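Contents: one structure, followed by commentary.
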Amino acid sequence: MTSKKTPMAQTRILVVEDEDAIRDMITFAFNNTGFMLLEAATVEEAKALMQESIPSLILLDWMLPGQSGISFIHWLKKKKEYLDIPIIMLTAKAEEENRVLGLETGADDYVTKPFSPLELIARIKSVLRRGPIADPKGQISVGPLCLDIYSHSASIHGEPLTLTRNTYDLLHFFMTHPNRTYNREQLINFVWGLTAYIDERTVDVQVRRLRDELKPYQQHHLIKTIRGVGYQFSSEDFDV
């Protein structure tokens, strides 16, 4: 269990992979990228490293000795301090059902072995660009809007917002996936899950309720309607 730093390392990437050759290849590819790599060969080693330092992203192998990557994701999603860490799965399992299982369990992306190191780095940067992750105190901030994943609450300019569980879940997704357009079906799947009893009209209702909460602060324009497509949360249009 080791950690290897580049001279200007800032973003911590936890690589959970039991094959030495793959970890070495990733380490070589990440030279001079500005990432700090934390390496673990098992889930238990990964948990120990995470007690010392919470990573910005996890590269996770599917098949690991002792405990699978899928089981590790289940564990991560039950921990308040870890549930918002982005995860990219590294695996030789290329079948569609396995890709779907990984994504539905909570992975943010999926890379099949063998993979190009340059593609992997591009995937990591893409996932990290999707939006902010929670700090160690469990807070996600975009402009003056702050969301607390521990208390399931939100505030703007320090003033608490009155959110239902549905509007909180929607705001959480928007804040962690800004500046990208999602249609109503995608929002249902990503925010509430395939088994939720929510239809597309209900999505519109929840968006309207969330806008109503932001309106007294003149921030309702952050949730944009993209005509004929769906909705987008803008992280760049705050009025301060």
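The values are calculated or read from the model by the stated rules, or taken from the named source; none is laboratory data. Because the structure is a prediction, the values reported are computed rather than measured. A quick note on method: Cβ atoms are made from the backbone with ideal geometry, for glycine too, and the neighbour counts reach across all protein chains shown.
Suppose the filter is modelled with pLDDT of 90 or more and under 28 Å from Leu103 (Cβ atoms); does Tyr182 pass it?
Answer is no for this residue.
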| query | Of the conditions (1) modelled with pLDDT of 80 or more; (2) within 16 Å of the chain's Cα centre (by Cα); (3) acidic (Asp, Glu), Glu104 fails just one. Which one is it? | reply | (1)
| field | Filter result (closer than 19 Å to Leu128 by Cα and touching a residue at least 40 places away in the same chain (Cβ under 8 Å)) within the range 14-34 | value | Leu14, Val15, Val16, Ile26, Ala29, Phe30, Thr33
| task | Could you tell me which of the residues Val191, Val205 is of a type in the set (A, V, I, L, M, F, W, C), outside any loop (DSSP other than H, G, I, E, B), on the phi < 0 side of the Ramachandran plot and surrounded by fewer than 17 Cβ atoms within 10 Å (Cβ to Cβ)? | result | Val205
| request: For residues that are part of a loop (DSSP other than H, G, I, E, B), modelled with pLDDT of 85 or more and in contact with a strand residue (DSSP E or B) (Cβ under 7 Å, 6 or more places away or on another chain), scanning just the range 137-162, find the one that is farthest from Lys77 (Cα to Cα). | output: Pro144
